Amino acid sequence: MKILVTGSNGQLGRALREVLERRCPGATTYTDRPELDITDAAAVETFLREGDYARIVNCAAYTDVEQAEEEKHQCAAVNIDGVANLARHADELGARILHVSTDYVFDGRSCRPYTESDKVNPASHYGTTKRKGETALLGLSPESVVVRTGWLYSPHGRNFVRTILGKAATQPALRVVCDQIGTPTYAPDLAEAIATIILSPQWVSGIFNFSNEGACSWYDLAVATLAAAGATATVEPILSADHPSPVSRPYYSVLDKSKIKATYGISIPHWHASLLKCVERIKADK
């Protein structure tokens with residue numbers, strides 16, 4: 001079975017490469033924008049026809065939440081049009097798509113973990129484009145899988161955990177918001193789940209949630225990260241109002257993972273256990 005991974009230079013794409021090369025070595029083609037610009041419909045059609053892929057994992061996305069408010073056209077081109085290009089031709093060629101989406105499709109006003117059937121109400125341009133991408137995908141290729149996730153981090157790339165460690169190396173005190181609640185997602189754990197789905201002998205389409213187990217605030221995550229690294233910097237909890245942003249971010253975005261666990265038999269580690277693994281890898285890579 002031939003597999004295509006788009007957006008393979010991002011933190012999830014890199015983690016997915018490690019997992020797939022261990023679980024099914026040599027079966028996957030990895031692309032990023034230089035190899036395949038998913039906003040180019042003609043290029044996508046040619047690439048998919050020549051590749052004859054059975055599975056496509058779309059990790060390509062415009063993910064800069066704040067910059068998306070300024071670059072609305074660029075954000076929509078990747079998160080909506082690019083997804084539609086993949087879906088249109090994949091469906092015609094009989095390939096199945098797994099597309100990665102986000103907790104930003106919700107407004108964050110819930111007080112319980114979001115299920116896949118809860119009403120979506122994105123409060124940002126980024127969230128709106130990701131929701132429209134989901135809709136385009138499932139409309140053009142109904143047998144697709146959408147995996148919603150959030151608070152993604154890894155030992156590589158730009159993410160909260162690495163940012164906190166970087167700041168702690170030069171600043172004795174940090175200020176981090178404590179009134180936004182979610183669940184960190186360790187990219188290698190998500191990559192393992194994605195691999196399980198695309199390699200499963202029984203493909204079940206639809207929307208699924210994935211993050212690590214448990215819940216915390218950004219402040220909690222910062223404190224746990226510094227403790228894991230043995231850093232001496234202190235962290236002061238602040239409110240979102242004390243850290244102005246042009247984007248409305250979800251105050252609560254914990255995801256219910258019951259469906260993906262029951263459907264695909266996926267076991268999910270607690271966020272703190274995975275955080276410790278990540279920090280150890282970062283320290284080992286220095």
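Points worth noting:
- The string of couplings for segment 48-53 from the Karplus curve (6.51, -1.76, 1.60, θ = phi - 60°) is 6, 5, 6, x, 6, 7 Hz, one whole number per residue in order, with x for Gly and Pro.
- The GNM of the chain, with springs linking C-alpha atoms under 10 angstrom apart, assigns the highest mean-square fluctuation among 235, 100, 161 to 235.
- Check: the chain dipole with +1 on Lys, Arg Cβ and -1 on Asp, Glu Cβ, in debye: 640
- Ranking 85, 146, 44 by how far each Cα lies toward the positive end of the dipole of the chain (charges on Cβ) leaves 146 at the top.
- Stretching residue 262 away from residue 50 to a fully extended chain increases their span by 72.7 nm, per 0.36 nm per residue minus the current alpha-carbon distance.
- On the chain, 50 percent of the accessible area sits on carbon and sulfur atoms, based on a 1.4 Å probe.
- Shape category assigned to segment 1-98 from the gyration tensor of Cα positions, a/c cut at 1.5: oblate
- Helix 125-140 axis, angle to the chain major axis (alpha carbon atoms, nearest 10°): 30
- Across the chain, the mean sequence separation of Cα contacts (distance under 8 Å, 6 or more residues apart), normalised by length, yields a relative contact order of 20 percent.
- In the chain, the ratio of gyration radius to Kirkwood radius, Rg to Rh, stands at 0.96 when only Cα atoms are counted.
- Each residue of segment 35-43 was assigned a 3J(HN,Hα) from its phi angle through the Karplus curve 6.51 cos²θ - 1.76 cosθ + 1.60 (θ = phi - 60°); the sequence is 8, 8, 8, 5, 7, 9, 4, 5, 5 Hz, with glycine and proline shown as x.
- Highest-first packing order for the peptide set 203-209, 104-110 is 104-110, 203-209, based on the mean count of other beta carbon atoms within 10 Å.
- The candidates 114, 251, 219, arranged from most to least accessible area with a 1.4 Å probe in the full protein assembly, appear as 251, 219, 114.
- Structure remark: mean-square fluctuation, Gaussian network model of the chain, C-alpha springs under 10 Å; the largest value among 49, 22, 96 belongs to 22.
- Percent RCO, i.e. relative contact order, over segment 1-70, from Cα pairs under 8 Å lying at least 6 residues apart: 46
- Neighbour net charge for residue 246 - beta-carbon separation under 10 angstrom, K R +1, D E -1: -3
- In sequence order, calculated HN-Hα J values of segment 176-184 (Karplus, 6.51, -1.76, 1.60; Hz; x Gly/Pro): 9, 5, 10, 10, 10, 10, x, 9, x
- Where 125, 73 fall by accessible area, highest first, once all protein chains stay in place (1.4 Å): 73, 125
- Taking each of 119/257; 130/167; 2/259; 72/132; 2/132 in turn, the alpha-carbon distance tops 22 angstrom for 130/167; 2/259; 2/132.
- Residues whose placed amide H lies under 5 Å from that of residue 152, excluding near-sequence neighbours: 185
- When nucleic acids and ligands are ignored and a 1.4 Å probe is applied, residue 66 ends up with an accessible area of around 70 Å².
- For residue 175, distant residues with modelled amide H under 5 Å away: 236
- In degrees, nearest ten, helix 187-198 long axis to first principal axis of the chain (Cα): 20
- Estimated from the Cβ-Cβ distance and a Förster radius of 30 angstrom, the FRET efficiency linking residue 110 and residue 234 is about 0.45.
- Solvent-accessible area per residue, Å², over the chain with all protein chains present [probe radius 1.4 Å]: 44
- Most fluctuating residue given options 226, 152, 86, as computed from a GNM of the chain linking Cα atoms under 10 Å: 226
- When the charge dipole of the chain is built from unit charges on Cβ atoms (+1 for Lys and Arg, -1 for Asp and Glu) and taken about the Cα centre, the candidate among 270, 97, 173 whose Cα reaches farthest toward its positive end is 270.
- Positive dipole terminus of the chain, leading residue within 260, 62, 10 (C-beta point charges): 260
- Principal-axis tilt of helix 271-285 within the chain, Cα atoms, nearest 10 degrees: 90
The values are calculated or read from the model by the stated rules, or taken from the named source; none is laboratory data. In this text, all values refer to a predicted model and were calculated from it rather than measured experimentally. Heads up, the Cβs are rebuilt from the backbone with ideal geometry, glycines too, and the neighbour counts pull from every protein chain shown. When the accessible area is computed, the model is the full protein with side chains, heavy atoms only, and any ligands, DNA or RNA have been set aside. Shrake-Rupley method; radii C 1.70, N 1.55, O 1.52, S 1.80 Å.
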